[in-house]
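Below is one structure, written out as structure tokens; the observations come after it.
What follows is calculated from the coordinates using simple rules that are stated; it is not laboratory data. On a predicted model such as this, the values are computed, not experimentally measured, just so you know. Don't worry about glycine lacking a Cβ; one is built from the backbone with ideal geometry, like all the others, and counts go over all protein chains shown.
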Amino acid sequence: MRAKIVSHLLVTLGLVALSVAATLVQAAPARNVILFISDGASWGTWDMASYYQYGQKGMQAYDGFPVKLGMTTYPLNTSTTPTNNSTPTVTYDPARAWDQTPNAGAYGGFASRFNGYDYIKRDYTDSAAAGTALSTGVKTYNNAIDVDNYGQDLAYITQRAKAQGKSTGILSSVPYSHATPATFGSTNRNRNNYGEISKEMINNPAVDLIMGGGNPNYDSNGKLRATPVFANETGTGGGYMSRTAWNTVNDPSKWQLLQTKGDFEALANGTLTLTGQKIIGLPQVYDTLQYSRSGAVVGTGAPTPSGKAYIDTVPTLETMTRGALNVLSKNQDGFFMMVEGGAVDWAAHARDTAGIIEEQIAFNKAVQAAVNWVEANSNWNETLMIVLTDHGNGMPMGPDSDTVAFDAIENKGAGNLPGVRWHYNTHTNENTLLWAKGANADLFYREVDGVDPGLVNVLGFNDGRYITNSDVGSVLHAAMVSEPASCALMLAGLGLMGFSGRRQVP
């Protein structure tokens, strides 16, 4: 009798849930998903670029996005090899992260200054583990490219997008086989196995378009080499692309290879003749589009923050983004595209204020180009755009931040380098910033882990709610599938249909 009562109750609850859910609007799947990653952008990085560009904050395309959240980035653990367990050993504590108690010690060769500074310098993620979390929804060890802590391959978002019939694209301002872009097109236990990763990405049926650095025929200044630099076919060493991968992309029956700035611009303008093959764009430069250049200084009042002339044979990340959108959007089922400002991280490691501003501005322009594309060729009801970083780096803050905890970047007006003091030369475990807009962007709110007062009180960023990076992987997948989100949430709250709290990526 009791069993019958329980059964009747469950059925009744289920019918009530379905009835109420039916009155709510079903969330349509996102046709297009565009993920922008400014690699290694600490809080001050976003401010530095905005001050230099506009003389104020709030002017970037993403500043107006309705979803604004913090995002923690810690890995499962800080090992560089699998430890064969699923127990997390790293976390994030807001109280410790924003602790303004003076600290006379040092860590990593840098003065601690304050307890909060000391805390966020430790237990940080690398780009491989961070990219894996974003792409798969699973936290893992540092060094891992889409493998878990047992070394087992994980399903990543480009595979899932391809399963939905979508086109997929991977773009970066650094070599396409580098850690972050690699997590969207390969699996490997070691991020430094560039030869293996470059081949897998080239031969991956889930990847339709690749653009990034790593051209073996050119140096960092865009000059033709006497001898190409290739990565070892297996293991580490050499360049960023194996000879086998290079030979494959030079086979016109498999890939349409773009190298000249003119070809990239023609693709962006819609005037390039397409052969129907997959497209790979390898600008005539080695490691980064512009950051690694050692070009001539162009004088006082130069149009670049660093005062160095840009390499004039290399396309911008904005041009690459526009070209990729022209190609990927031809698919009636839509597309997934990841665009990385990878050299932001390189400049942060170097504590290079002018360099990081250049790279972040290049990233901002790519975001603006994508927003323009959505508003001219699509709409926010069918396209989801996310802007974030994979982790902080360098801890750039204001000039008085050695004595005033979390002192803000100093605005010196448009066209002038802001006042900055760097506190570190590598990654951090800070709570980073995320913006989202468009189809199913509200799914991020069901992943909220808590409230971080420092995001509000110190940074003035929205209401302090935050998620963690693996939640992004969950949302990327959920946003593309035909799930009535409101119904799923209601059934989850009732404990029906196998849900138990937060929805996880299958």
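Details
- Using only alpha-carbon positions in region 292-362, the gyration tensor eigenvalues give semi-axes of 30, 15, 8 Å once each is multiplied by 5 and square-rooted (largest first).
- Spatial extent of region 127-201: Rg and Dmax, with the Cα atoms as the point set, Å: 11.2, 32
- Residues VAL481 and SER86, FRET efficiency given R0 of 30 Å [Cβ-Cβ distance, rounded to 0.05]: 0.75
- Here the label points at THR275 and VAL451, each 7 Å from Cα along the C-beta direction, are separated by 5.8 nm in the simple model.
- For VAL33, residues with placed amide H under 5 Å, excluding near neighbours: PHE335, PHE336, MET337, LEU384
- Rounded to 5, the percent of DSSP beta bridges in region 206-296 classed as antiparallel: 20 percent
- Across region 400-405, rounded Karplus estimates of 3J(HN,Hα) from the backbone phi angles (6.51 cos²θ - 1.76 cosθ + 1.60, θ = phi - 60°) give 9, 6, 7, 10, 10, 4 Hz, Gly and Pro being marked x.
- Evaluated at q = 0.15, 0.18, 0.27 Å⁻¹: base-10 log I(q)/I(0), Debye formula over Cα of region 56-139: -0.77, -0.96, -1.20
- Average Cα contact separation per residue, the chain, under 8 Å, 6 or more apart, as relative contact order %: 27 percent
- Along its first, second and third principal axes, ordered by size, region 242-379 spans 47, 41, 26 Å in Cα coordinates.
- Between ASN425 and ASP333, the simple spin-label model (points 7 angstrom out along Cα→Cβ) gives 4.9 nm.
- Taking every DSSP beta bridge that has both ends in the chain, the antiparallel portion is near 45%.
- Over all pairs of different C-alpha atoms, region 178-294 has a mean inverse distance whose reciprocal, the Kirkwood radius, equals 14.5 Å.
- Ranked list, fewest to most other Cβ atoms within 10 Å of each Cβ, for VAL472, VAL371, VAL67: VAL67, VAL371, VAL472
- Computing FRET efficiency as 1/(1 + (r/R0)^6) for GLN56 and THR260, where r is the C-beta to C-beta distance and R0 is 41 Å, gives about 0.65.
- Calculated from backbone phi, Karplus (6.51, -1.76, 1.60) coupling profile of region 71-76 in Hz, x at Gly/Pro: 8, 7, 10, 4, x, 5
- Amide H within-cut-off set for THR83, under 5 Å, with H built and near neighbours excluded: none
- On a per residue basis, the convex hull of the C-alpha atoms belonging to the chain measures out at 160 Å³.
- Residue exposure sequence - ILE145, ILE386 - by fewest surrounding Cβ within 10 Å: ILE386, ILE145
- For ASP63 and ASP442, the difference between the fully extended length at 0.36 nm per residue and the C-alpha to C-alpha distance is 134.8 nm.
- Net lengthening on full extension, ALA106/VAL404 (0.36 nm per residue, minus Cα-Cα): 105.6 nm
- Working note: 222 nm ellipticity from helices only, DSSP H runs with n ≥ 4, each -39,500 (n - 2.57), summed and divided by the residues of the chain, gives -9500 deg cm²/dmol to the nearest 500.
- Positive-end extreme of charge dipole, the chain - chosen from TYR52, ASN115, THR158 (charges on Cβ): THR158
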